[in-house]
Each structure stands twice: as C-alpha cells, then as structure tokens.
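The values are calculated or read from the model by the stated rules, or taken from the named source; none is laboratory data. Predicted model, so just to flag it, every value in this text is computed and none were measured. As a convention, Cβ positions derive from the backbone with ideal geometry for all residues, glycine included, and neighbour counts pool all protein chains shown. Note: accessible area is taken over every heavy atom of the protein model, side chains too, but ligands, DNA and RNA are not part of it. Shrake-Rupley method; radii C 1.70, N 1.55, O 1.52, S 1.80 Å.
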Amino acid sequence: MEIKDKVIIIMGVSSGIGEATARLLAKEGAKLVLAARREEKLKEIATSFPNAQIVYKKADVSNYDDVQQVVDLAISKYDKVDVLFNNAGIMPTAPLIETRRDEWKEMLDINVMGVLNGISAVLPKMVEQKSGHIISTDSVAGHVVYPDSAVYCGTKFAVRAIMEGLRQEQRENNIKSTIISPGAVQTELYKTISDKKVSLELHEAQKEWGLSAEDIAQAVAYVINTPDRVSVSDMIIRPTKQVV
C-alpha cells in the first residue's frame, strides 16, 4: 500500500522531524492527523497544503486523554488508523550530580509515557483492523550511553525495549513496530537543554555536520512505504562525521 490515502497520525509536529515528516507525507497524499502543544504551528502546516486532507488537534503527549482524543479524531474522520508516529521528545541533558529531578520527570513523561500513551490509545483499533504500524523516534542515545545524558539515554533505551516488546506481542495481528534512531539532527531539541553553553555548542555542531529534519522524514516515509510483509524494526541514521 502506498503512502497515498494512508491515515497517519503524527504526534509532536510543531517543529523539526515531526514538521518535516508532515510536510513530506502531505505532498505524498496521506490523510494526516497532526498533534502538538503549539496549535499555531499545526494551523500553519495545515494551511500550507490547502488541497491536502489534514486535520489537527492540540495535544500534550504526556496527557493520555489528549492522545486518546487525537486517535478518536482520526477514527471519527477516517474510520481507521494505518500509522501512528510517536515523535514528541525533549533532551534536557545534564550531569546526574546536578539532580535536575523536574527535568528527569518531564523527560520520562514525554519521552517514555508519551510513547506508551500513543500505543495504548491506538492499539485497540489496530488489533481490530488486524493491521497497523507504530513508529517511534528513538535516538542513537537508545543504543549507546555517554556522559551528561544518562537519563535521556535511559528514556531512549526504554523506548527501544517497549517497541521491541510491541513487535513481539503484536506480530500475529500484522502490526508493525519501528524505531527511527537519529544521531545529531538540525532541530529545536537543543532548546530543551538548560545549560546555555552546552545548548549552543550542540546547536553549532548540528548546523556544521548534523542531519537535516528532512533526512529523517525521508526515512519515516521509507518505512511506511514498505509492503505489509516487510517490517523495518530499527533504523539508525547518523551523520557521516558523527563519532558516537
């Protein structure tokens, strides 16, 4: 089945990978249901494609009711869900000794519970359909651990484990599970880092040799476009010059 006319929910669309993916899939003729915390960005994307089939709803992925309402919107509008892309995430990195407990909790709520909320909301419909595809943005940090990022890495390792569990549990229902694990990408993720010096250094590195959000959007489109018999479980995409 081609991307055209597939019903695709994207959570975390307001910038970066989510926005780039929404724009690419809109051009490909997908039926899109977009969600993010910034409603003005949702409206901006939707109005950029006046001939596309796009609906949107403001939502916080850490709030299960918000996520369920997005899935309900997709079902009420299109009567099915082919793909859910869990893309929302934050990266407030810092050494553990700084004990940034509020940041840790927010990372767990968005990066881990956000994915679980998406799975929980959409899985009953996909099981009923006996088809579906759940994609989550993971990270190279879900495969390796490095200093000052222990909690962030922990959330991404968790996503990797959850999505592999989903694959094993739902393969007989023809439900695909994919994690896309980017390295450094030119997105707004650096803005979630409290230490301004670290944030700026990351941003400069992203601009110098990082991937573009469109590079990752192309990868998402590729895995969505695979035949039903093909499931890309894990895709790591690094900039050629990245060390980690």
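Loop only per DSSP, at most 16 neighbouring Cβ atoms within 10 Å: give me the trypsin sites (Lys or Arg not before Pro) in the range 115-177, ordered by residue number.
130
Taking R0 as 35 Å, what's the FRET efficiency between residue 51 and residue 97 from their Cβ-Cβ distance, rounded to 0.05?
FRET efficiency, residue 51 to residue 97: 0.05.
If amide hydrogens are placed 1.01 Å from N in the peptide plane, which non-local residues have theirs closer than 5 Å to the one on residue 186?
211, 212, 213
Can you give the extra length, in nm with one decimal, that the chain gains between residue 209 and residue 169 once fully stretched, where that is 0.36 nm per residue apart less the Cα-Cα distance?
10.6 nm
What list of ³J(HN,Hα) couplings, whole Hz, do you get for the range 155-163 from phi and the Karplus terms 6.51, -1.76, 1.60, once you set θ to phi - 60° and write x for glycine and proline?
My calculation for the range 155-163 gives 5, 6, 4, 4, 4, 4, 5, 4, 5 Hz in order.
Check residue 236: other-chain or 5+ apart residues with amide H under 5 Å from its amide H, H built from backbone geometry?
Amide H neighbours of residue 236, under 5 Å, 5+ apart: 181.
Where in the range 20-62 is the amide nitrogen less than 16 Å from a point lying 7 Å along the Cα-to-Cβ axis of residue 106?
Taking a point 7 Å out along Cα→Cβ of residue 106, the residues of the range 20-62 whose backbone N falls under 16 Å are 37-38, 60-62.
Distance cut-off 18 Å, Cα to Cα: go down the list 6/130; 156/241; 57/105; 27/125 and report the pairs above it.
Numbers: 6/130 15 Å; 156/241 22 Å; 57/105 25 Å; 27/125 26 Å.
Cα-Cα > 18 Å for 156/241; 57/105; 27/125; rest within.
Please list 3J(HN,Hα) in residue order for the range 38-54, calculated via the Karplus relation 6.51 cos²θ - 1.76 cosθ + 1.60 where θ = phi - 60°; whole Hz, with x for glycine and proline.
9, 5, 5, 6, 4, 4, 4, 5, 4, 6, 6, 10, x, 9, 8, 8, 9
Once the piece of chain linking residue 2 and residue 68 is laid out straight, how much longer is it, given 0.36 nm per residue of separation minus the C-alpha distance between them?
Working it through step by step, the gained length comes to 21.1 nm.
What part of the accessible area of the chain, given as a whole %, is carbon or sulfur when the probe is 1.4 angstrom?
50 percent
Averaged per residue, what accessible area in Å² does the range 115-184 show with a 1.4 Å probe, protein chains only?
37 Å²
Can you compute 3J(HN,Hα) from phi for each residue in the range 168-176, using the Karplus curve 6.51 cos²θ - 1.76 cosθ + 1.60 with θ = phi - 60°, rounded to whole Hz and x for Gly and Pro?
For the range 168-176, the Karplus-derived couplings read 5, 6, 10, 4, 5, 8, 6, 9, 8 Hz, x marking Gly and Pro.
For residue 5, enumerate residues with amide H under 5 Å from its amide H, sequence gap 5+ or separate chain, H modeled in the peptide plane.
For residue 5, whose amide H was placed from the backbone, the distant partners under 5 Å are 30, 31.
With a/c under 1.5 counting as rounded, go ahead and sort the chain into rounded, prolate or oblate using the C-alpha gyration tensor (a ≥ b ≥ c being the square roots of the eigenvalues; past the cut-off, prolate if a/b is larger than b/c, else oblate). Provide the component values of the computation, followed by the final result.
Values: a/c = 1.56, a/b = 1.43, b/c = 1.09.
Judged from the Cα gyration tensor, the chain comes out prolate (a/c at least 1.5, a/b above b/c).
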